[in-house]
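Notes for the one structure printed next.
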């Protein structure tokens, strides 16, 4: 305000060159810290130091997010081939046993696959939302749903309101590269410790680098498989299959169900890892783009501030000189 | 007069217009989708594996000439929809030969040799264990945990392993150790017979 009044008092010829009102407003809106009226230089102007600090930190953020994007891209390439190779693994089971997502059972277990690290977009929230709705779908008298959580992020979200329903939670899956042995030991652990009639595995299927499809795979316990086979419908043809090996049919069905669970888990964990890297890539990409935009805006502000302070100095010098001579 | 003309024009347009998004999707589990929509109408239901399944050939009326084999491992699909004449799988009840038109079967596998016969070529793999499903449409799905072509097995390592596990079996004390040692002996003797026979 004082600056505007001073300039109006002095040369009217300088007025068209600078307009201080907009500068005040933009600076007040873009900088959160209080304006420094006296800079280090001693001139009465808004300091460029603050803007410069902000520019430096935004530039660093941009560099970091760009680096994270490249790391995620390279990790994605590595996991993607393995995930695509493992896609053949669950197809025979679904071809044989069909898909029983709408099966009605007493003991449901929802296995939520999520990531340990953050900054990967919304995929973990989507998985948690779907797990919650699945648990609501299967609620009712006599029915219960338990959660088995893989990964830190889903644990943090589900522990807030469903703490008593969490049967088992496992983290740090990706410390060593994922392999089938690790997943089958995991599957064995889950099967031993949790009572289940139907296991529903919630994960994000990797469709492309920008698209991840939330999917739920259902694995039934051998007793339910027999029940559904007798009831007819999708599993009705199961009885037409001869069972070779093992002593009894139920023993083979038990092995089959456990094998199916470990295969489906392996595929689910790999697909989720792919989706995590893909989502992180796109999140970091939009973040570095935002940082670039912010840097452009800050550069403009910085230049305006710098030019305004130079102009103020000039005015003071000139008015001082004219005061001496005139 | 004009009102009737516009209504007929609209109805004809609506009837004939087809949207490009009306792609034929495989029948999703409609009961599941409906139950989902009732509970949570704002969230899209998740997809189920059935929608991603590659379509399978229907049950043919006459006996097919070739067997379609899908041989999958956790880390790769060794054979995907390959047409062959016969496969011999190492089921727990013994070597089982599968020809086109085989009765639908679910068989558990034990460690042994899987051989695929195509014309005059035979490819042999040593599989660790797994399952084989034979469907009515002459499609055989073989799912194994590990498989190696037989010519890549090192005979000396097999002998060493067999001796090691036989020793462990003799000195095993707990049931768990006995079971583990027994598994090792079984696999190595199967490997041995695969190399010789």
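The values are calculated or read from the model by the stated rules, or taken from the named source; none is laboratory data. All figures in this text were calculated on a predicted structure; none of them were measured in a lab. With ideal geometry, Cβ positions are generated from the backbone for all residues, glycine too; neighbour counts draw on all protein chains shown.
The residues listed here are A:198, A:273, A:268; of these, the one that is within 11 Å of another protein chain (Cβ to nearest Cβ), closer than 24 Å to residue A:169 by Cβ and surrounded by 16 or more Cβ atoms within 10 Å (Cβ to Cβ) is A:268.
Applying the criterion of being touching a residue at least 40 places away in the same chain (Cβ under 8 Å) and part of a helix (DSSP H, G or I) to the residues of the range B:132-190, the residue that is surrounded by the fewest Cβ atoms within 10 Å (Cβ to Cβ) is B:155. Contact map, the range B:108-124: first residue within 14 Å of another protein chain (Cβ to nearest Cβ), second residue surrounded by fewer than 17 Cβ atoms within 10 Å (Cβ to Cβ) and assigned to a strand (DSSP E or B), Cβ cut-off under 9 Å, separation 6 or more or different chains; pairs are B:112/B:95. Of all the listed residues (A:288, A:257), the sole one being more than 24 Å from residue A:154 (Cα to Cα), in contact with a strand residue (DSSP E or B) (Cβ under 7 Å, 6 or more places away or on another chain) and part of a helix (DSSP H, G or I) is A:257. In this structure, residue B:138 qualifies as within 14 Å of chain A (Cβ to nearest Cβ) and in contact with a strand residue (DSSP E or B) (Cβ under 9 Å, 6 or more places away or on another chain). Within the range A:89-104, the set of residues being within 14 Å of residue B:53 (Cα to Cα), more than 31 Å from the chain's Cα centre (by Cα) and part of a loop (DSSP other than H, G, I, E, B) comprises A:98 only.
Of the residues that sit in the range A:100-119 and are surrounded by fewer than 22 Cβ atoms within 10 Å (Cβ to Cβ) and over 19 Å from residue A:195 (Cα atoms), which one is nearest to the other protein chains (Cβ to nearest Cβ)? In this case the residue turns out to be A:102.
Conditions (1) modelled with pLDDT under 80; (2) within 9 Å of chain A (Cβ to nearest Cβ); (3) part of a helix (DSSP H, G or I), marked per residue:
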{"residue": "B:15", "(1), (2), (3)": "yes, no, yes"}
{"residue": "B:22", "(1), (2), (3)": "yes, no, no"}
{"residue": "B:33", "(1), (2), (3)": "no, yes, yes"}
{"residue": "B:45", "(1), (2), (3)": "no, yes, no"}
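With respect to the stated conditions, residue B:84 fails to be in contact with a helix residue (DSSP H, G or I) (Cβ under 9 Å, 6 or more places away or on another chain) and without any contact (Cβ under 8 Å) to a residue 40 or more places away in the chain.
Within the range A:150-198, the residues that satisfy the criterion of being touching a helix residue (DSSP H, G or I) at 6+ places or on another chain (Cβ under 9 Å), farther than 22 Å from residue A:75 by Cβ and not in a helix (DSSP H, G or I) are A:162, A:166, A:167, A:168, A:169, A:196, A:197, A:198.
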